[in-house]
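Here's the structure we're looking at; comments come further down.
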Amino acid sequence: MVQKDKKVEEFNWLGSKKPYYIFGPCSAESREQVMATAAGIAENFDNVIFRAGIWKPRTRPGSFEGIGSDGLDWMLEVREKFGFKLSTEVATAKHLEHCIEAEIDSVWIGARTTVNPFSVQEIANALKGHDIPVFVKNPIYPDLSLWLGAIERIQKAGIKDIGAIHRGFQLQDNGPYRNNPYWDLAIRFRSKYPDIPLICDASHIAGTPDLIEHVAQKAIDLDVDGLMIETHVNPTVALSDSQQQVTPDFLSNLINQLTPKSKSSTNQDFKSNLERLREQIDCVDDALLEKLAVRMELAKKIGADKKLNNVTILQIERWKRTLERSLENGSSLGLSTRFIEGMLHLIHDESIRKQTDSLE
Ligand code: PEP
Ligand code: MN
């Protein structure tokens with residue numbers, strides 16, 4: 001990743017350069033806090049989209065709900081003084097109107113709004129006729145179609161500059177994270193919309209400064225286009241997300257620790273080795289598919305016999321034994337329980353489908 005005075009790749013989106021760095025406080029709290037945070041960031045970075053929440057979606061009432069549209073003036077002062085682009089969260093058409101009126105450079109739709117198609121549509125309607133760039137955060141729940149649906153509503157409103165922000169998901173088990181990164185879903189988003197810039201909100205995934213570097217590096221390894229990291233001049237007194245915000249100095253060290261990755265390499269040994277290994281992987285994939293087709297044929301034969309003998313398709317004891325057997329074999333081969341379980345469930349579902357189809 002790149003800091004001030006180092007060469008950055010030109011990229012003409014949001015009039016900004018890649019990687020996109022979206023830094024700034026969770027919430028704008030006071031003019032002093034906003035300006036001091038921006039000044040700290042400007043000491044080490046010049047290619048930044050400055051974020052600050054103006055209207056804060058809080059789970060329960062009574063906590064700090066954001067400073068409201070007065071805070072937009074402080075953001076404008078940041079742009080004036082440090083040349084940063086600006087971004088804030090909008091959850092209603094009214095929020096968007098304030099941002100457009102104030103000429104804020106871009107807005108984002110938050111995770112709690114992306115889950116609600118009515119709200120997204122209301123914002124999309126208000127976006128018509130404007131050309132403000134919009135980021136869409138993933139919905140709180142791991143539902144890819146809600147994320148894609150929100151993007152499509154914004155596209156239909158005529159917005160060309162759209163970015164996606166991966167901020168993790170609220171699952172039953174979030175591991176050490178505040179929000180489970182569930183990287184698979186970000187990869188699936190990427191495969192669906194390879195041209196939409198994808199930014200990792202490492203702060204809301206990590207939930208604590210100590211984990212941000214690890215999350216950000218993992219995101220870079222997955223080829224994201226940028227990072228959002230919440231930065232506050234004095235996180236201990238922050239009015240929202242105080243436990244996860246970092247100081248500008250911490251941010252600068254953190255970005256310096258990250259190892260940049262590129263899509264390819266000019267190293268010939270690496271390239272020929274990669275090609276050889278990929279050929280082997282293709283052979284293994286072909287063999288796996290052939291074996292799976294054989295397995296499905298066997299399941300179909302069993303299905304036909306079950307039908308003749310009026311026996312139920314689902315045999316729960318047999319299924320349990322199959323799973324146990326494979327878990328044991330898989331573990332001696334170094335394959336994880338999560339992987340074996342996921343794979344066998346898919347195979348078993350398909351076998352059941354094949355047997356059910358043979359009944360018709
Ligand atoms: C935020 O960025 O401060 C925020 C509230 O994010 P999210 O919508 O991802 O929870
Ligand atoms: Mn926050």
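Quick check on the range 229-321: take the gyration tensor over C-alpha atoms, sort the square-rooted eigenvalues as a ≥ b ≥ c, and tell me if it's rounded (a/c under 1.5), prolate or oblate. Because a/c hits 1.5 or more and a/b fails to exceed b/c, the range 229-321 counts as oblate. Projecting the alpha carbon convex hull of the range 268-358 along each direction and taking the average yields 7.3 nm². Centre-to-centre separation between the Cα atoms of the range 278-300 and those of the range 302-360: 16 Å. Of the whole protein surface, THR337 contributes about 80 Å² of accessible area at a 1.4 Å probe radius. Annotation for the range 135-195: trypsin sites (Lys or Arg not before Pro) lying in DSSP loop with at most 13 further Cβ atoms inside 10 Å of their Cβ are LYS160. Give LYS218/LYS320; LYS263/LYS291; LYS85/LYS218; LYS300/LYS320; LYS81/LYS218 a once-over and call out the pairs whose C-alpha atoms are over 24 Å from each other. Flagged as over cut-off: LYS218/LYS320; LYS263/LYS291; LYS85/LYS218; LYS81/LYS218.
The ellipsoid that matches the Cα gyration tensor of the range 59-100 has semi-axes, each √(5λ) in whole angstrom, of 22, 13, 8, with the longest given first. Extent along the principal axes, Cα only, for the chain: 78, 52, 39 Å, with the longest axis given first. Distance between the C-alpha centres of the range 174-215 and the range 57-132: 22 Å, rounded to the whole angstrom. Ordering of 46-53, 220-227 by packing is 46-53, 220-227, highest average first (other Cβ atoms within 10 Å, averaged per residue).
Other residues within the sphere of radius under 11 Å centred on the Cβ of ARG58, judged by their own Cβ, net out at +1 (K and R +1, D and E -1). Sites listed here are GluC sites (Glu not before Pro) in the range 197-288 whose DSSP assignment is loop and whose Cβ has at most 14 other Cβ atoms within 10 Å, and the list is empty.
Given only helices, namely DSSP H runs of n ≥ 4 each adding -39500 (n - 2.57), what is the per-residue ellipticity at 222 nm of the chain, to the nearest 500 deg cm²/dmol?
Here the helix-only value at 222 nm equals -16500 deg cm²/dmol.
Out of all DSSP beta bridges in the chain, what portion is antiparallel? Express it as a percent rounded to 5. Antiparallel bridges: around 10 percent, rounded to the nearest 5.
Between the beta carbons of MET296 and LEU333, assuming R0 = 25 Å, the FRET efficiency works out to 0.65 to the nearest 0.05. Peptide packing for 287-298, 231-242, 344-355, 21-32 was compared via the average number of neighbouring C-beta atoms within 10 Å per residue; ordered from the highest value, the list is 21-32, 231-242, 344-355, 287-298.
The values are calculated or read from the model by the stated rules, or taken from the named source; none is laboratory data. Quick caveat: nothing in here was measured; it's all calculated off a predicted structure. In this analysis, Cβ positions are derived from the backbone assuming ideal geometry, glycine residues included, and neighbour counts consider all displayed protein chains. Just the protein is used for accessible areas: all its heavy atoms, side chains included, with ligands, DNA and RNA removed. Shrake-Rupley method; radii C 1.70, N 1.55, O 1.52, S 1.80 Å.
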